[in-house]
Ligand SMILES: Cc1cc2nc3c(=O)[nH]c(=O)nc-3n(C[C@H](O)[C@H](O)[C@H](O)COP(=O)(O)OP(=O)(O)OC[C@H]3O[C@@H](n4cnc5c(N)ncnc54)[C@H](O)[C@@H]3O)c2cc1C
């Protein structure tokens, strides 16, 4: 058995796991990372928006500026009618810090490449095609067994395994994500000329329809709609199904983009979950971060952002209390739980209100209140 008792083992090479690897190396903490897939890639969609709080957290570990250079930074969103008329600009600029924009949209592969390159350059040992089979607390360490039959002892194991974490299932059996009542369509499309920030169409036949530019050439079109948990789409005709939903009901740039929906591989459909692991997010030498601990509909664009914040805070606490893991994890939970709970529960409510097109609740005011709350230091 290998002995790595000063080392933190990260299970999962998604945004949360890779960010944690980079953050731990900033504090000179030795790190190993294992990823179940045969490569480090994001399979979650085309692109995403990172709001200022995520960028601020990434800035504290020296990554935000490179990310902003690769993506499309902006300080507002455009609000449009179903016909495509822009009726308002909603500011996302909540004063996140010097040089940090309100949000930055980026292609998921580009973000993954950046994080993986930074982790490798910082000396993280990364093994792909490998997962954790068991974990057992032994004294101050955790003994981890791997899917290839190997095993080693670590100071701590961090499960950043995403929504369907097998390690969470093993250590917290019976705690599953719930269905939010909505599903999301996402399609890779060319960036409409002149569109420099996300345009969101409210009030139409479907819940929410948005276009998010992620680079000079690319954008993604998304639709969030009410959906039964059991509903599945035929993967060979997702492009046709999305076109049928939108044709005749949306104008402007959305209508212009329909001709580009030509390939089912370019269009995905996914039910949206809600999940919050009760505190504390650790047990028997394993701590959970990112989607493995919490997930919500992307109405506030805070899923990856919360995972990034988890990673930065956990690294800070492990570095500041090197002698006492229990103390570090207790402070980590104290810094994370209420902030994440607010995001998960508000996102769940907002997504439902938007899809139901509720006029008796202050959707814009609620979004603004969360955005302002998130400016508080983590
Ligand atoms: C439609 C949609 C739109 C979104 N838009 C945004 C947005 O605009 N902004 C935002 O901030 N967030 C957004 N999100 C949320 C964001 O995508 C997720 O929160 C984020 O990708 C979660 O990252 P993660 O690293 O925690 O988990 P994951 O991305 O799921 O990564 C987990 C990794 O762990 C690996 N793994 C799993 N099990 C094991 C195992 N046993 N051993 C080893 N490896 C394992 C997986 O292969 C994977 O690589 C959106 C989500 C959806 C569904």
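The values are calculated or read from the model by the stated rules, or taken from the named source; none is laboratory data. Because the structure is predicted, anything quoted here is derived from the model rather than measured. Note: ideal-geometry Cβ built from the backbone for every residue, glycine included; neighbour counts use all protein chains shown.
Values for this structure:
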item: Among (1) touching a strand residue (DSSP E or B) at 6+ places or on another chain (Cβ under 9 Å); (2) surrounded by fewer than 20 Cβ atoms within 10 Å (Cβ to Cβ); (3) under 20 Å from residue 309 (Cβ atoms); (4) in contact (Cβ under 8 Å) with a residue 40 or more places away in the chain - the single one residue 55 does not satisfy; result: (2)
item: Strands (runs of 3 or more DSSP E) (entirely within the range 153-213) containing at least 2 residues that are more than 22 Å from the chain's Cα centre (by Cα); result: 199-202
item: Unique match (being over 30 Å from residue 217 (Cβ atoms) and in a strand (DSSP E or B)) among 9, 24, 48; result: 9
item: Residue that is farthest from residue 8 (Cα to Cα) [pool: residues in the range 136-166 that are in contact with a helix residue (DSSP H, G or I) (Cβ under 7 Å, 6 or more places away or on another chain) and within 15 Å of the ligand (Cβ to nearest atom)]; result: 163
item: Residue tally, condition assigned to a loop (DSSP other than H, G, I, E, B) and buried (at least 16 other Cβ atoms within 10 Å of the Cβ), over the range 68-80; result: 1
item: Answer from 65, 56 - the residue that is in contact with a helix residue (DSSP H, G or I) (Cβ under 9 Å, 6 or more places away or on another chain), away from the ligand (no atom under 15 Å from the Cβ) and not in a loop (DSSP other than H, G, I, E, B); result: 65
item: Checking residue 234 against (1) in a loop (DSSP other than H, G, I, E, B); (2) at pLDDT 95 or above; (3) in contact with a helix residue (DSSP H, G or I) (Cβ under 9 Å, 6 or more places away or on another chain); (4) over 23 Å from residue 79 (Cα atoms), the condition it does not meet; result: (2)
item: Of all residues making up the range 15-29, the number that are surrounded by fewer than 20 Cβ atoms within 10 Å (Cβ to Cβ) and out of contact with any strand residue (DSSP E or B) (no Cβ under 9 Å at 6 or more places or on another chain); result: 3
item: Output for the range 62-99, where each listed residue is out of contact with any strand residue (DSSP E or B) (no Cβ under 9 Å at 6 or more places or on another chain) and under 23 Å from residue 315 (Cβ atoms); result: 62, 63, 65, 66, 97, 98, 99
item: Subset tally (residues that are surrounded by fewer than 19 Cβ atoms within 10 Å (Cβ to Cβ), more than 8 Å from the ligand (Cβ to nearest atom) and either within 14 Å of residue 9 (Cα to Cα) or under 14 Å from the mean Cα position of the chain (by Cα) (or both)) for the range 30-52; result: 1
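Residue by residue, here is whether (1) on the phi < 0 side of the Ramachandran plot; (2) surrounded by 21 or more Cβ atoms within 10 Å (Cβ to Cβ); (3) within 14 Å of the ligand (Cβ to nearest atom); (4) not in a loop (DSSP other than H, G, I, E, B) holds:
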position: 95; (1), (2), (3), (4): no, no, no, no
position: 98; (1), (2), (3), (4): yes, no, no, no
position: 105; (1), (2), (3), (4): yes, yes, yes, yes
position: 111; (1), (2), (3), (4): yes, yes, yes, yes
position: 115; (1), (2), (3), (4): yes, yes, yes, yes
position: 119; (1), (2), (3), (4): yes, yes, yes, yes
position: 123; (1), (2), (3), (4): no, no, no, no
position: 126; (1), (2), (3), (4): yes, no, yes, yes
position: 130; (1), (2), (3), (4): yes, no, yes, no
